[in-house]
1. Could you please let me know if Ile179 is within 9 Å of the ligand (Cβ to nearest atom) and buried (at least 17 other Cβ atoms within 10 Å of the Cβ)?
2. Looking at segment 155-167 only, could you name the residues that are near the ligand (Cβ under 9 Å from one of its atoms) and under 12 Å from Asp133 (Cβ atoms)?
3. Test Leu193 against the stated conditions and say whether it is among the hydrophobic types (A, V, I, L, M, F, W, C) and crowded, with 21+ Cβ neighbours inside 10 Å.
4. Go through (1) of a type in the set (A, V, I, L, M); (2) in contact with a Gly (Cβ under 9 Å, 6 or more places away or on another chain); (3) within 14 Å of the ligand (Cβ to nearest atom); (4) not in a strand (DSSP E or B) for Ile170 and report which single condition fails.
5. Right, Ala113: part of a helix (DSSP H, G or I), under 22 Å from His94 (Cα atoms) and either near the ligand (Cβ under 9 Å from one of its atoms) or touching a strand residue (DSSP E or B) at 6+ places or on another chain (Cβ under 9 Å) (or both) or not?
6. Got at least one residue in segment 136-147 being under 25 Å from Tyr246 (Cβ atoms), among the hydrophobic types (A, V, I, L, M, F, W, C) and touching a Lys or Arg at 6+ places or on another chain (Cβ under 8 Å)?
7. Can you tell me which residue within segment 102-153, out of those that are hydroxyl-bearing (Ser, Thr, Tyr) and surrounded by fewer than 24 Cβ atoms within 10 Å (Cβ to Cβ), is nearest to the chain's Cα centre (by Cα)?
8. If you take the residues in segment 116-137 that are touching a strand residue (DSSP E or B) at 6+ places or on another chain (Cβ under 6 Å) and closer than 23 Å to Pro85 by Cβ, which one is nearest to the ligand (Cβ to nearest atom)?
Amino acid sequence: MEMDLPTYQLPWRTNLRVPRRVSTRRLCVLGKRQPSTQPAPSLRLWLAFSILAALLAPSGNAQTMHQEHHPPQSAEEYARVLEDPARDEWQKPHEVMMALQLKSTDVVADIGAGTGYFARRFAMHAAKVFAIDIDPKLLEIAAKGAPPNLIALVSKPDDPLLAPASVDLIFFCDVLHHIQDRLAYYRRMTPALKIGGRVVVVDFYKRPLPIGPPPEMKLDDEALTAEFKQAGFLLLRKETFLPYQYFLEFGRAPDHRQR
Ligand SMILES: C[S@@+](CC[C@H](N)C(=O)[O-])C[C@H]1O[C@@H](n2cnc3c(N)ncnc32)[C@H](O)[C@@H]1O
């Protein structure tokens, strides 16, 4: 059974068009099935936000209830949001690249790389980039036409499957709230860091914002810093140049460094 939906102006200030014909199976996440008349304006707004929240979540199916706040959607739908040129306005990829200060010899692991929005940029400035994700379809999109130094790797939800001492930088953008037992995850990923290696997290502030997951799913930057501390990291730097997201850089605490 299908129903008509209007075109929504999504909060990422994109002209992304929600397909006019959307299966009611997909709309079950939004509440009761709607009759096939046009929704009221307030309902329209609510639908637009709900669809966006769904699109921001991963399309992999190996998540728990906590992470799976949406039904699976197609990689193509997800890609349209992640790769929307209007995202650049607030994601400021150039500023993020500048803040990362990559060296041409660096090996980067972009965990939860999705369609490679950042991984492709890293590939232009680093020796090698591992675009890592649990969703092979998104990685297919990331790898298409990417430079040869971008290597797409399908990971497990609880393990990035990186080789020991293989990367200089681990990067997460809008990913950590999808990971269930983050402390265990950090412990599994940490051996992959080379000596002097760092972890950078870009994620949404935990407050009402016009974009991103609902506030209850967002991770507070101070709580995240405490988590990393528990996993043997120190906060090296916190940048606030992004309007909706924090930029945190962590290094291994001295007593946790590799010898
Ligand atoms: C909001 S998207 C962000 C994508 C990309 N980092 C970006 O900024 O465009 C979240 C990504 O995390 C991935 N993801 C979710 N859980 C994951 C996990 N446990 N391990 C690795 N990737 C995961 C999803 O498949 C999705 O591609």
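Any read-out appearing in this document is the output of simple, stated calculations on the displayed coordinates, not a laboratory observation. For clarity, every value in this text was computed on a predicted model and none was experimentally measured. Heads up, the Cβs are rebuilt from the backbone with ideal geometry, glycines too, and the neighbour counts pull from every protein chain shown.
1. Values: within 9 Å of the ligand (Cβ to nearest atom): yes; buried (at least 17 other Cβ atoms within 10 Å of the Cβ): yes.
Yes, satisfied.
2. So in segment 155-167, the residues near the ligand (Cβ under 9 Å from one of its atoms) come out as 155-160.
Once the filter is applied, which keeps residues that are near the ligand (Cβ under 9 Å from one of its atoms) and under 12 Å from Asp133 (Cβ atoms), segment 155-167 yields Ser155, Lys156, Pro157, Pro160.
3. On the way: among the hydrophobic types (A, V, I, L, M, F, W, C): yes; crowded, with 21+ Cβ neighbours inside 10 Å: yes.
Considered against the rule, which asks whether it is among the hydrophobic types (A, V, I, L, M, F, W, C) and crowded, with 21+ Cβ neighbours inside 10 Å, Leu193 comes out as yes.
4. Every condition holds for Ile170 apart from (4).
5. Details: part of a helix (DSSP H, G or I): no; under 22 Å from His94 (Cα atoms): yes; either near the ligand (Cβ under 9 Å from one of its atoms) or touching a strand residue (DSSP E or B) at 6+ places or on another chain (Cβ under 9 Å) (or both): yes.
Against the criterion (part of a helix (DSSP H, G or I), under 22 Å from His94 (Cα atoms) and either near the ligand (Cβ under 9 Å from one of its atoms) or touching a strand residue (DSSP E or B) at 6+ places or on another chain (Cβ under 9 Å) (or both)), Ala113 does not qualify.
6. Step one: list which residues in segment 136-147 are under 25 Å from Tyr246 (Cβ atoms), which gives 138, 142.
Checking which are among the hydrophobic types (A, V, I, L, M, F, W, C) leaves us with 138, 142.
Retained after the next criterion (residues that are touching a Lys or Arg at 6+ places or on another chain (Cβ under 8 Å)): 142.
Yes, there is a match, as at least one residue in segment 136-147 is under 25 Å from Tyr246 (Cβ atoms), among the hydrophobic types (A, V, I, L, M, F, W, C) and touching a Lys or Arg at 6+ places or on another chain (Cβ under 8 Å).
7. Filtering segment 102-153 down to residues hydroxyl-bearing (Ser, Thr, Tyr) leaves 104-105, 115, 117.
Checking which are surrounded by fewer than 24 Cβ atoms within 10 Å (Cβ to Cβ) leaves us with 104-105, 117.
Details: Ser104: 24, Thr105: 25, Tyr117: 10 Å.
By that ranking, first place goes to Tyr117.
8. The residue in question is Phe118.
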